[in-house]
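Reading through the structure tokens given below for one structure.
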Amino acid sequence: MLIARTLDELRQYLSLYKQPAFVPTMGALHAGHQSLIKKAREVSENVIVSVYVNPLQFENQEDLNSYPSSPEIDEELAAAAGATILWRPNQSELYPNGITKISAGGVGAIYEGNRAGHFDGVLTVVHALFSNIKPTWAIFGEKDLQQLFLIRKMASEFFPAIKVLSGETFRESSGLALSSRNSRLSAENKNCATVVFRSLQAAQSQPAIAEMKREMLATLKSEPSFTLDYAEIIDDTTFDLAVEESRNKRAIIAGWINGIRLIDNMAMQNIRSASKVAAI
């Protein structure tokens, strides 16, 4: 695997690697990121992984400062999963003419968008990354469902040639969705955090939206250490609240355990394998 530490190095490498697939990350890689890299290898022999902690998507400096970092492990895991290039851009390379923010619109202001400017920041950095890499494919995880929805919308407007693919949520054996922030959870916190997965399963077992939401909320309330942000049943093709006629109902949950944010989601009907479970 080649390491591109500057934009010039990246451009040099890109001249040798055609039709790349791209997996953007903020580092602190784990098995979930590796699953996205492996999915990228299914469509291209050339896989670019970026590592950039994007300050534009953080609501407060403390959260940004505490975001985990493991550069040596990142390189090992990316290479083991099949990445061909790892790029660590800096802000001046991404925005040589200054930052022009991309608006996430109405959907970008709800749920995860309640954090002021969060999705504007996400779309702005992804736009900059796409502009430099010009990948044929880009792969994002379904765990960050709203992000995936908005990136697909942005790509269709600005980068119609890029095919945005999704990778299934990768889970620990307990059902907890893998996240870089999980490294900040104690063993006890991790056990408590499984309430999110159990709540999604409880909702999935119900036939109608009212029952789905009732069971989801009741399960969440059974864990006193969990602080709820939101729990809804949406139509994942629009991010509107689902109605009984919706064919793409999905439960979405977000909240905190000991100040550490957790988000997850699950389709509510005709589940294929909605997630990959790791024996970890």
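Key figures
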| quantity | calculated |
| --- | --- |
| Cα centroid separation - region 240-255 against region 91-119, whole Å | 25 |
| Packing-based exposure ordering (other Cβ within 10 Å, fewest first) of 36, 200, 178 | 178, 36, 200 |
| Cα shape, region 103-147, gyration tensor, a/c 1.5 rule | oblate |
| With Cα atoms, 0 to 90° folded angle of helix 118-133 axis to the chain main axis | 30 |
| Euclidean distance between Cα centres, region 176-195 to region 123-150, Å | 25 |
| Region 8-57: trypsin sites (Lys or Arg not before Pro) in DSSP coil with no more than 13 other Cβ atoms inside 10 Å | 18 |
| Interchain or long-range residues, amide H under 5 Å from residue 143's placed H | 169 |
| Between helix 71-81 and the chain: long-axis angle, C-alpha atoms, 0 to 90°, nearest 10 | 90 |
| Region 2-167: proportion of alpha-carbon pairs further apart than 19 angstrom, % | 54 |
| Zone residues, region 62-94, relative to residue 12, backbone N less than 19 Å from point 7 Å out along Cα-to-Cβ | 84-90, 93-94 |
| For region 15-86: rounded, prolate or oblate by the Cα gyration tensor [a/c cutoff 1.5] | prolate |
| Bins of 10 Å, starting at 0 and running to the largest distance - Cα pair percent for the chain | 6, 28, 37, 22, 6, 1 |
| Stretch in the chain that is longest and holds no GluC sites (Glu not before Pro) that DSSP places in a loop and that have at most 15 other beta carbons within 10 Å | 60-243 |
| With 5 Å bins from 0: P(r) over region 171-277, alpha-carbon pairs, percent | 2, 13, 25, 24, 18, 12, 5, 1, 0 |
| Hz values of 3J(HN,Hα) by residue in region 138-153 - Karplus curve (6.51, -1.76, 1.60), Gly and Pro given as x | 9, 10, 10, x, 6, 4, 8, 5, 5, 4, 4, 4, 6, 5, 4, 5 |
| For region 156-174 versus region 32-70, the gap between their alpha-carbon centres in whole angstrom | 13 |
| Backbone N within region 111-139 under 12 Å of label point (7 Å from residue 100 Cα along the Cβ vector) | 128 |
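Each reported figure results from applying straightforward, stated rules to the coordinates on display, with no laboratory input. Every value quoted in this text rests on a predicted model; they were computed, and no experiment measured them. Glycine also receives a Cβ, built like all others from the backbone with ideal geometry; neighbour counts cover every protein chain displayed.
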